[in-house]
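First the structure, in the form of structure tokens, and then the observations on it.
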Amino acid sequence: MEDVKVNGTLIWYYYICKREVWLMAHNLTPDQDNQYIDLGRFIHENSYAREKKEISLGNIKVDVINKKNGHVLVGEVKKSSRFIESAKMQLAYYLWELKKHGIEGTGILMFPKEHKREEIILTEELIKELKDVEKDILRIIYEPKPCAPEKNKYCRNCAYNEFCWA
Ligand code: SF4
């Protein structure tokens, strides 16, 4: 396997399923027609379009909602709060990456379908957790094979469902 770098996608899956982290990192691509992926993309493209401006930093892309005195407010639109823990930590990871590049920011998670927003502030505790998670993700993906599947509440709509349970 080539050298793998931790990215926002792997952070996201870490909070859903460790087995999925391994599968994603090893490019075992799930069903791209998965309706949930499409719905997410559709909502992303059709909500908040007027406010949109993007920052790209390597493999990271976040939407800038506001910029004041060198502080940016970055946002992520999500189709539902079902994966809120993943969404929070992924956005915190993006804020941390921005910080490493000298950009201070606050995050805001938006759930347009639920008319909900949640602010994410990058605290020292969050940075410590992200450092630990980065290490653990690398440990997982350098294992020769994925851990055994364990039923969890995300399995039902997971694109690897058949792969794990058929
Ligand atoms: S189906 Fe369940 S165990 Fe398998 S990768 Fe998805 S979430 Fe993990």
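Here are the numbers for this structure:
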item: Among (1) closer than 26 Å to E54 by Cα; (2) among the hydrophobic types (A, V, I, L, M, F, W, C); (3) within 16 Å of the ligand (Cβ to nearest atom), the one test that L122 misses; result: (3)
item: Unmet criterion (only one of (1) under 16 Å from Y15 (Cβ atoms); (2) loosely packed, with under 12 Cβ neighbours inside 10 Å; (3) within 16 Å of the ligand (Cβ to nearest atom)) for A148; result: (1)
item: Residue in the stretch 13-29 that is modelled with pLDDT under 75 and surrounded by fewer than 13 Cβ atoms within 10 Å (Cβ to Cβ) present; result: yes
item: Qualifying positions in the stretch 100-122 - closer than 20 Å to Y14 by Cβ and open to solvent by 30 Å² or more (accessible area, probe 1.4 Å); result: K100, E118, L122
item: Out of Y142, Y154, Y160, sole residue that is within 16 Å of the ligand (Cβ to nearest atom) and open to solvent by 20 Å² or more (accessible area, probe 1.4 Å); result: Y154
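Residue by residue, here is whether (1) under 14 Å from E20 (Cβ atoms); (2) within 18 Å of the chain's Cα centre (by Cα); (3) of a type outside the set (V, I, T) holds:
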position: I108; (1), (2), (3): no, yes, no
position: E114; (1), (2), (3): no, no, yes
position: E124; (1), (2), (3): no, no, yes
position: I127; (1), (2), (3): no, yes, no
position: Y142; (1), (2), (3): no, no, yes
position: P146; (1), (2), (3): yes, no, yes
position: E150; (1), (2), (3): yes, no, yes
position: Y154; (1), (2), (3): yes, yes, yes
position: E162; (1), (2), (3): yes, no, yes
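The values are calculated or read from the model by the stated rules, or taken from the named source; none is laboratory data. Everything quoted here is computed from the prediction, not taken from an experiment. In this analysis, Cβ positions are derived from the backbone assuming ideal geometry, glycine residues included, and neighbour counts consider all displayed protein chains. We work out accessible area using only protein heavy atoms, side chains counted, and drop any ligands, DNA or RNA first. Shrake-Rupley method; radii C 1.70, N 1.55, O 1.52, S 1.80 Å.
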